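Asks: Have a look at this one.
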Amino acid sequence: MSLLEVKNLQVSFATPEGEVHAVNGIDFAVSTGETLAIVGESGSGKSQLVMAIMGLLAQNGRASGQALFKGEDLLQKTPRELNKVRGSQIAMIFQDPMTSLNPYLTVEQQMTEVVMYHQKLGRHEAFEHAVEMLRAVRIPDAEERIHEYPHEYSGGMRQRVMIAMSLLCEPDLLIADEPTTALDVTVQAQITYLIGELRKKTRMAMILITHDLAVVAGISDRILVMYAGQMVESGTVEDIFYRAHHPYTRGLLASVPRLDRDASDDLQAIPGNPPNLLALPGGCCFRDRCTQAQEICSQPPPMWRDERGHRSRCVLEMPDGRVENDSAGEAGSAAEESAP
Amino acid sequence: MKQTGLGHHFASRLLSLVPTLLMLITIAFFLIRVAPGGPFDTEKPLPQEIRANLDAKYHLDEPLLQQYFRYMGQIVTLDFGPSYQYKDWTVNELIASGFPASLAIGGTAMLLAFVMGTLIGVIAAIRQNTAVDYSIMGMAMMGISIPNFVVAPLLILVLAVYAGWLPAGGWEWSFRHMLLPVITLALPVIAYIARLTRGSMIEVLHSNYIRTARAKGLPERIVLGRHAMKPALLPVISYMGPATAGLITGSVVIERIYSIPGLGSYFVQGALNRDYTLVMGVVIFYGVIIILMNFIVDMLYAWLNPKIRFDEG
Ligand SMILES: Nc1ncnc2c1ncn2[C@@H]1O[C@H](COP(=O)(O)OP(=O)(O)OP(=O)(O)O)[C@@H](O)[C@H]1O
Ligand code: SF4
Ligand SMILES: [Mg+2]
């Protein structure tokens with residue numbers, strides 16, 4: 001059984017302009033010890049996907065579908081029930097370390113409360129455990145610095161604190177939402193390395209969100225590529241890096257700087273903008289930007305799947321692939337039955 | 001090392017109060033002299049000699065600037081001099097006799113406003129955009145816009161005259177006598193604090209660190225009480241300074257309406273009679289309270305805010 005199994009997850013937001021369809025039918029599964037990377041441009045719904053799983057959507061947000069964690073649907077749980085899972089069994093690291101820690105509480109206060117609440121540790125034990133965790137993420141003088149406030153830490157150090165805090169209860173699943181995006185390039189590499197290293201020591205599963213494919217190669221097992229709230233392609237790291245099928249994935253790969261190419265003239269971001277989430281077009285949502293778009297792309301494209309589980313949603317035929325009879329992925333009102 | 005930040009802040013702020021106070025005294029001194037009339041103007045003019053004697057006794061015959069310096073020299077010894085109107089009373093004695101009632105009403109109103117205002121504001125914030133929120137904010141709007149001197153007669157009419165539950169005025173050291181003046185005084189402050197708290201609480205609840213607290217699986221009571229309350233209350237804390245000034249101004253009116261022999265009544269009486277020393281005494285006394293309150297609030301704010309607490313060291 002998978003640790004987390006997400007089925008046809010949809011997230012929409014009620015706004016004065018109408019309904020924003022941020023996530024439109026995502027399926028994936030994560031097993032114990034496995035790392036899944038979710039990749040996509042800004043606004044593709046990566047964060048809202050995991051926020052929905054964590055029960056952290058904004059007030060105007062609605063989630064539907066299923067998110068089965070150890071067999072129980074997280075989307076059906078009340079906040080009180082979720083609190084038995086969040087922070088202890090599933091932990092999360094956020095995109096912006098500068099604002100994600102409470103500026104009015106010391107690092108000690110923010111760390112110890114987690115274990116005091118979930119594991120009923122006493123103050124002293126909680127403190128010892130927190131210091132130990134800070135050492136594990138290599139914060140120098142941890143037993144001194146733990147008394148400080150977040151603003152006394154640099155951005156990279158704060159993200160280390162966030163990581164240490166998330167690992168306090170030895171969660172089964174860690175969700176890291178762009179943990180390095182807001183940091184300096186050199187610090188980014190350190191944090192990525194640290195996460196990979198800590199991961200190796202445990203059997204913790206991880207969902208790593210990023211918009212940068214270059215980050216994920218070394219530390220993930222599988223990759224899910226999102227576009228406009230849909231999964232456009234997913235597979236193993238090899239599937240994505242060497243056998244990318246979807247034009248969007250190939251576009252993303254072309255925009256990854258590589259050492260074996262001259263960075264200056266090969267870096268090509270995909271031209272154009274993602275579709276308006278208020279009114280998603282029927283058919284392939286990438287077709288306005290796709291160089292291979294055809295007439296038929298205005299119909300919802302089929303989902304291909306090969307025997308190893310490499311999947312892609314595009315009219316272009318996938319070598320060794322068969323059309324999957326999937327129920328998900330229909331944006332807005334587009335009906336599934338119309339798929340070829 | 002760290003505490004020097006706050007200590008330094010404390011000392012420099014304390015020092016900066018002196019010129020503020022000096023300015024207040026100076027402006028008050030000359031303003032009241034500019035107002036037409038004097039302390040010994042009566043309907044039938046006094047005989048020349050008596051008038052001259054009185055003026056000489058109180059040094060009112062000296063040039064204004066000389067009077068000013070004489071007065072400043074006198075008040076550094078904390079002596080506000082004799083009242084011109086209440087014979088046999090010094091201003092110090094009048095303040096000492098009026099202040100307890102004023103403090104009881106003002107202090108209770110302040111406490112009530114803080115507790116009720118923050119409570120109501122927090123409830124409105126966590127019930128944002130529901131019927132509860134809308135009705136609370138509607139009432140707050142009314143509380144702010146209807147002036148004291150309208151609320152007071154209404155309350156008296158309903159609770160004292162018709163229902164007969166409470167005295168319509170007068171002063172005794174009793175809960176029944178304090179209730180109406182305290183409520184009248186506190187209402188607009190409760191309303192204002194409720195709105196302030198609601199706004200800042202909503203903002204805090206949308207912040208990333210509250211999302212982190214929720215992601216940590218903490219129960220709502222810890223998320224609110226431990227993570228959100230302090231930052232949400234900071235704007236309320238800084239409002240307590242101006243609120244003191246507002247309560248004092250309000251109490252001047254309230255004490256008249258409910259006939260409470262407090263400082264406010266003396267102030268009004270003194271102003272009408274051009275009782276220079278009494279008015280000056282009360283103004284300085286109130287001024288010191290307001291300045292001190294702002295100072296305390298400032299310190300409290302700095303102490304509650306770790307960024308200020310350490311950065312200015
Ligand atoms: N509360 C909300 N109300 C309306 N729309 C929202 C709300 N929250 C998010 N959205 C929209 O949902 C879409 C997906 O947002 P999401 O945060 O998941 O993007 P993302 O893939 O994480 O991007 P980034 O890389 O910039 O973090 C965006 O278009 C965003 O504007
Ligand atoms: S379905 Fe058509 S438009 Fe969409 S990615 Fe494939 S080829 Fe391009
Ligand atoms: Mg995001």
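The values are calculated or read from the model by the stated rules, or taken from the named source; none is laboratory data. Values in this document were obtained by computation on a predicted structure and should not be read as measured data. Because the Cβ atoms are built from the backbone with ideal geometry, glycine has one as well, and the counts that use them run over all protein chains shown. Calculation scope for accessible area: heavy atoms of the full protein, side chains included, ligands and nucleic acids excluded. Shrake-Rupley method; radii C 1.70, N 1.55, O 1.52, S 1.80 Å.
Asks: Just to be sure I understand, how many residues within the stretch A:31-67 are within 12 Å of ligand 1 (Cβ to nearest atom), open to solvent by 40 Å² or more (accessible area, probe 1.4 Å), in a loop (DSSP other than H, G, I, E, B) and touching a Leu at 6+ places or on another chain (Cβ under 9 Å)?
Replies: Within the stretch A:31-67, residues that are within 12 Å of ligand 1 (Cβ to nearest atom), open to solvent by 40 Å² or more (accessible area, probe 1.4 Å), in a loop (DSSP other than H, G, I, E, B) and touching a Leu at 6+ places or on another chain (Cβ under 9 Å) number 2.
Asks: Yes or no: the stretch A:20-30 includes at least one residue that is more than 15 Å from ligand 1 (Cβ to nearest atom), open to solvent by 20 Å² or more (accessible area, probe 1.4 Å) and within 8 Å of chain B (Cβ to nearest Cβ).
Replies: Within the stretch A:20-30, not a single residue is more than 15 Å from ligand 1 (Cβ to nearest atom), open to solvent by 20 Å² or more (accessible area, probe 1.4 Å) and within 8 Å of chain B (Cβ to nearest Cβ).
Asks: Right, something else. Can you list residue pairs whose Cβ atoms sit under 8 Å apart, with the first residue in the stretch B:66-84 being in contact (Cβ under 8 Å) with a residue 60 or more places away in the chain and the second being surrounded by 13 or more Cβ atoms within 10 Å (Cβ to Cβ) and among the small types (G, A, S)? Count only pairs 6 or more apart in sequence or on different chains.
Replies: B:Y71/B:G81; B:F80/B:G281; B:G81/B:G281; B:S83/B:G270
Asks: Being under 18 Å from B:L263 (Cα atoms), of a type in the set (A, V, I, L, M, F, W, C), open to solvent by 50 Å² or more (accessible area, probe 1.4 Å) and assigned to a loop (DSSP other than H, G, I, E, B): is that true of B:L78 here?
Replies: yes
Asks: Please specify each residue of the stretch A:112-133 satisfying the condition of being within 14 Å of chain B (Cβ to nearest Cβ) and of a type in the set (G, A, S).
Replies: Here is the first cut: in the stretch A:112-133, the ones within 14 Å of chain B (Cβ to nearest Cβ) are A:112-120, A:126, A:130, A:133.
Across the stretch A:112-133, the qualifying residues are A:A126, A:A130.
Asks: Please work out which one of (1) open to solvent by less than 10 Å² (accessible area, probe 1.4 Å); (2) within 16 Å of ligand 1 (Cβ to nearest atom); (3) away from chain B (no Cβ under 14 Å) is the condition A:L252 fails and give its number.
Replies: (1)
Asks: Filter the stretch A:139-187 down to the residues that are more than 16 Å from the chain's Cα centre (by Cα) and within 16 Å of ligand 3 (Cβ to nearest atom), then identify the one that is modelled with the lowest pLDDT.
Replies: A:L183
Asks: Let me ask you something else. Given the structure, is A:P274 open to solvent by 80 Å² or more (accessible area, probe 1.4 Å) and either under 25 Å from the mean Cα position of the chain (by Cα) or at pLDDT below 90 (or both)? Show your work before the answer.
Replies: Numbers: open to solvent by 80 Å² or more (accessible area, probe 1.4 Å): no; either under 25 Å from the mean Cα position of the chain (by Cα) or at pLDDT below 90 (or both): yes.
The answer is no for A:P274.
Asks: How many residues does the stretch A:31-60 contain that are over 12 Å from the mean Cα position of the chain (by Cα) and away from ligand 3 (no atom under 14 Å from the Cβ)?
Replies: Residues that pass the stated criteria total 7.
Asks: Considering only the stretch A:127-174, state which residues are closer than 21 Å to B:R214 by Cα and among the hydroxyl-bearing types (S, T, Y).
Replies: Once the filter is applied, which keeps residues that are closer than 21 Å to B:R214 by Cα and among the hydroxyl-bearing types (S, T, Y), the stretch A:127-174 yields A:Y149, A:S166.
Asks: Return yes when A:I90 is modelled with pLDDT of 95 or more, in contact with a strand residue (DSSP E or B) (Cβ under 6 Å, 6 or more places away or on another chain) and within 16 Å of ligand 3 (Cβ to nearest atom) and no when it is not.
Replies: Values: modelled with pLDDT of 95 or more: yes; in contact with a strand residue (DSSP E or B) (Cβ under 6 Å, 6 or more places away or on another chain): yes; within 16 Å of ligand 3 (Cβ to nearest atom): no.
No.
Asks: Only one residue in A:L101, A:L82, A:L74 is more than 13 Å from ligand 1 (Cβ to nearest atom), more than 11 Å from chain B (Cβ to nearest Cβ) and not basic (K, R). Which one?
Replies: A:L74
Asks: Looking only at the stretch B:31-52, which residues are free of Cβ contacts under 8 Å to residues at least 60 places away in the same chain and loosely packed, with under 13 Cβ neighbours inside 10 Å? Spell out the reasoning first.
Replies: Narrowing the stretch B:31-52 to residues free of Cβ contacts under 8 Å to residues at least 60 places away in the same chain: B:31, B:34, B:36, B:40, B:42-52.
Scanning the stretch B:31-52 gives B:L31, B:V34, B:P36, B:T42, B:E43, B:K44, B:P45, B:P47, B:Q48, B:E49, B:I50.
Asks: So, in the stretch B:197-223, how many residues would count as being in contact (Cβ under 8 Å) with a residue 40 or more places away in the chain, open to solvent by 30 Å² or more (accessible area, probe 1.4 Å) and either among the aliphatic types (A, V, I, L, M) or facing chain A (nearest Cβ under 9 Å) (or both)?
Replies: Total meeting the criteria: 1.
Asks: Considering every residue within the stretch B:168-184, establish whether at least one is within 22 Å of the chain's Cα centre (by Cα), hydroxyl-bearing (S, T, Y) and under 22 Å from B:R226 (Cβ atoms).
Replies: Within the stretch B:168-184 (the criterion being within 22 Å of the chain's Cα centre (by Cα), hydroxyl-bearing (S, T, Y) and under 22 Å from B:R226 (Cβ atoms)), the answer is no, since none of the residues qualifies.
Asks: Ok, one more. Cβ-Cβ distance below 9 Å, separation of 6 or more or different chains: which pairs start in the stretch B:117-140 with a residue that is of a type in the set (F, W, Y) and end on one that is crowded, with 21+ Cβ neighbours inside 10 Å?
Replies: Listed pairs, sorted by first residue: B:Y134/B:A124.
Here's the yes/no breakdown for (1) buried (at least 19 other Cβ atoms within 10 Å of the Cβ); (2) of a type outside the set (S, T, Y); (3) closer than 12 Å to B:R198 by Cβ:
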| position | (1), (2), (3) |
| --- | --- |
| B:S145 | no, no, no |
| B:I156 | yes, yes, no |
| B:L159 | no, yes, no |
| B:A163 | no, yes, no |
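Asks: Tell me the helices (runs of 4 or more DSSP H) entirely within the stretch B:228-313 that contain at least 1 residues that are small (G, A, S) and away from chain A (no Cβ under 14 Å).
Replies: Working: elements: B:229-257, B:263-272, B:276-304, B:306-311.
In the stretch B:228-313, B:229-257, B:263-272, B:276-304 are the helices (runs of 4 or more DSSP H) which contain 1 or more residues that are small (G, A, S) and away from chain A (no Cβ under 14 Å).
Asks: In this structure, does A:I240 turn out to be in contact with a helix residue (DSSP H, G or I) (Cβ under 7 Å, 6 or more places away or on another chain), in a helix (DSSP H, G or I) and either among the β-branched types (V, I, T) or within 14 Å of ligand 1 (Cβ to nearest atom) (or both)? Give the steps one after another, and end with the answer.
Replies: Details: in contact with a helix residue (DSSP H, G or I) (Cβ under 7 Å, 6 or more places away or on another chain): yes; in a helix (DSSP H, G or I): yes; either among the β-branched types (V, I, T) or within 14 Å of ligand 1 (Cβ to nearest atom) (or both): yes.
So A:I240 fits the description; yes.
Asks: With respect to the numbered conditions (1) within 16 Å of ligand 3 (Cβ to nearest atom); (2) outside any helix (DSSP H, G or I), which one is the sole condition not fulfilled by A:G235?
Replies: Among (1) within 16 Å of ligand 3 (Cβ to nearest atom); (2) outside any helix (DSSP H, G or I), the lone unmet condition for A:G235 is (1).
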